[in-house]
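The values are calculated or read from the model by the stated rules, or taken from the named source; none is laboratory data. Keep in mind the model is a prediction, meaning the values are calculated, not measured. Every residue, glycine among them, receives a Cβ derived from its backbone with ideal geometry; neighbour counts consider all protein chains shown.
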Amino acid sequence: MNPISLSIYNLLWMLAWYPTKAYLKLRKRSWHLSRFESPTIHDSASNQVAWIHALSLGEVMTSIPLVTAFSNKKWTVLFSTTTKSGYQTAQAKLGQLCNEIFVLPVDAPWLTRKLCRVRPNMCIIVETDIWPNLLNTLKKNGVPVYLVNARMRPSSWKFYHLLHQMGLNMFDELDVILTASEVDVPVYASCRSFFPNRVKFMGNLKWDAALLNRSDKKEIDNLKRQLRLEASRSVWIAGSIHYGEEEKILQTHKRIMSHFSDALLIVAPRKLEIVPVLTEKCHRLGLAFELRTTSNTITPKTNVFVLDTFGELSKFYGLADCAFVGGSLVPFGGHNPFEAAVYGIPVCWGPYAYNFSDATANLEASKSGKTVYSEDELFDFVMGSLQRTNIVPLPFSPEPLSISNRIFQFLTSAVNRSYEQ
């Protein structure tokens, strides 16, 4: 990074420090205020210490298999996050795997210098959340920094390109960038002034995270028995749907039933406020429905089963012959298609799945998923999937932690090589 640009950046921090703190106190933003303090991190006697950072809840969930891989190899793991939801999730999910869990402070130079007195063997940033002073201080201290599961949105590229023009090219401070999809490799390579070959694709950690959350065959069989779901029925599922998608999904199912009279649609709204809308439209279309909260059985007369509960969607994907992942026919950004794909079923999503472009690229490359742009294309996809009962190819290995272990081996080998040099 350009020293003059970094000095100007730090001057802005000095000017904004007290007014920002005063504003946060006035607004009683206690969580944001906590990031204006340096966390207390205890010294570790271990000579194998990895600092893993994840921005928020989604990145924390993605990082679970990677943390598990390091913990399984007896590494000391320091884990940081930025948001309140990320911190709470890390405490709940990673408390037994990490030696320290703390909140990353803001990027003021005096805070990063104090924070970086900790000297891990490596710092791993999951997906995003890179900052000039943090990277600069780690580099001065000789700590290699790796960006893993990296993905670049068009809006982010414009932002980082602007920083590059201002002399704050943070990608040059990263030792290696491991992308979440092959599509992102040339994008990140173009962002580096030096060593563009240090950008690699090794798999998507979201896949490992979905595998860890997948229900096994015994659980799926028990669920089928509990619901009294007939094995001969053709089943498709629409998961995490948002308002505005229910009409197209129900209309599609109405058309499907003209070809498969016993077809069953399992529909899981992202928010429970959509349930009354769903049931009203089922009535209007003449579709017999059951609610999960009021019925534990699916009768032969049930056309639509509404999953009006939280935390069950993943195992219900295991009941289906194919899946549509919602939040993507409307401009919301989509949801994780790997949660369905780990069951070896065809998966589709709409044109607005931009928050999961890495996962959709992985699935399309392996021909196990597809973007549908209209109700007609959704109908064609479901019909084609129900007519073919073969298992689709998986984008990655079905073995748990396969990607995480490969990334672990790569990063630890890279650290050892840097020490030898």
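Key figures
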quantity	calculated
Filter result for the condition that a residue is under 21 Å from the mean Cα position of the chain (by Cα) and either surrounded by 13 or more Cβ atoms within 10 Å (Cβ to Cβ) or of a type in the set (Gly, Ala, Ser) (or both), over Ser30, Ser71	Ser71
Sole residue being over 24 Å from the mean Cα position of the chain (by Cα) and assigned to a loop (DSSP other than H, G, I, E, B), chosen from Pro331, Pro300	Pro300
Residue satisfying all of: in segment 142-156; among the small types (Gly, Ala, Ser) and not in a strand (DSSP E or B); surrounded by the most Cβ atoms within 10 Å (Cβ to Cβ) among these	Ser156
Test: residue in segment 41-48 that is of a type in the set (Val, Ile, Thr), in the same structural domain as Leu163 (by TED's automatic domain parsing), crowded, with 21+ Cβ neighbours inside 10 Å and in contact (Cβ under 8 Å) with a residue 24 or more places away in the chain	no
Selection within segment 372-383 - surrounded by fewer than 17 Cβ atoms within 10 Å (Cβ to Cβ) and either assigned by TED's automatic domain parsing to the domain that holds Asp184 or within 25 Å of the chain's Cα centre (by Cα) (or both)	Tyr373
Selection from segment 257-273 of residues that are surrounded by fewer than 21 Cβ atoms within 10 Å (Cβ to Cβ) and either β-branched (Val, Ile, Thr) or part of a helix (DSSP H, G or I) (or both)	Met257, Leu272, Glu273
Test: residue in segment 343-356 that is buried (at least 24 other Cβ atoms within 10 Å of the Cβ), modelled with pLDDT under 95 and assigned to a helix (DSSP H, G or I)	yes
